[in-house]
Amino acid sequence: MSQANFFDEDELPKLESISNALKCEQSGHVMEAILLYEESIYKLGQMHNTDPNKQQLCLKYIKMYESRAKQLRDQVKSHLQSSKMLDHITIERDSRGRSYQRLFGSYLNDSVKEAHVNEPHLCELHQFKNLLNFFEVLVKNCRYLKYIRLTTRPDPVLAKNQMHILQQIRADLATGNIHMNFQLDEALHDRKIVLSSGIVIKIGRGLHYFEPTEDVYKLGMCDYDFRKCLSTEVDIWKCRAFAKTPKEPLDRSSYRQPVKDAVNHGQDMAYSSD
């Protein structure tokens, strides 16, 4: 079915995310289109609950967008199935020098426009700190980054607190023109990071392969290269890219990036990784 005939524009609720999703599909930004369809489904669900006159129409388009988003997710899965391994890294217990920047910073570059992060465990304070540190590395290295999709499990004890923190992170990223969409999935188990450049990073412990640092006055509180690690395995895969790199970088005036290349940061660290 052609994109021109997929929707009836006369009946379509006026949502910017819908037209943007279609544009993304036409330009080959598959992962971005999935995010926008999911956003449209959420907004239509709100419209369905608040406007009785549009309930049937909203349900009609919700089903259409859910179907289209599933087709695109299946397309992404087919890309992943044809991937090849680039690197396998073993992280020993108590080793140092394994920050996110050191581990896969070389794969975070201008070809990355979108990032999908599956991290099941985001309940404890140190887990949110790990997530923020990863996002800092991601934003610092990827000048064209525009979308982040985070999937995690709901906190069974402090659900409101988890939601509040995720909304805060989303609001802060928005100040740098980065849209973050998060989803709660009780059945989530898989830990992986999928980049629109075609890089797939799978870490046995997800983002939480560091020993938590409780002492404020201790090296490693800010620079993760100084932190001791838990043992885990890391696989880095490469498949066909999901999006094209834009010609001009996004406006990140609210984020002050250092002049020196972040990849060189901490290369002469005094602590040994042995």
Using the Cα gyration tensor of the stretch 65-118, the equivalent ellipsoid's semi-axes, largest first and to the nearest Å, work out to 30, 14, 12
Note, Asn181: beta-carbon cut-off 11 Å, +1 each Lys/Arg, -1 each Asp/Glu, net -2
Non-local residues with an amide H under 5 Å from the amide H of Asp87, with H modelled 1.01 Å from N and Pro and chain starts lacking one, are Ile236
Using alpha-carbon positions, the gyration tensor of the stretch 35-142 gives root eigenvalues a ≥ b ≥ c; with a/c under 1.5 called rounded, otherwise prolate if a/b exceeds b/c, else oblate, the class is prolate
Most packed first (mean Cβ within 10 Å per residue), the peptides 228-241, 143-156 order as 143-156, 228-241
Log entry: pair-distance distribution for the stretch 150-199, C-alpha pairs binned every 5 Å from zero, whole % per bin is 5, 17, 22, 21, 21, 10, 3, 0
Long-range share for the stretch 27-72, i.e. C-alpha pairs more than 15 Å apart as a percent of all pairs, stands at 41
With all protein chains present, the stretch 53-178 has a carbon and sulfur share of its accessible area (1.4 Å probe) in percent of 49
Stretched fully, the stretch from Glu92 through Gln46 gains (0.36 nm per residue minus C-alpha distance, one decimal, in nm) 11.8 nm
If each K or R counts +1 and each D or E counts -1, the residues other than Arg191 whose Cβ falls under 12 Å of its Cβ total 0
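The values are calculated or read from the model by the stated rules, or taken from the named source; none is laboratory data. Since this is a predicted model, take the numbers as computed values, not measurements. Here Cβ is always computed from backbone atoms with ideal geometry, including for glycine, and neighbour counts include all displayed protein chains. The area values use the complete protein model at the heavy-atom level, side chains included, leaving out ligands, DNA and RNA. Shrake-Rupley method; radii C 1.70, N 1.55, O 1.52, S 1.80 Å.
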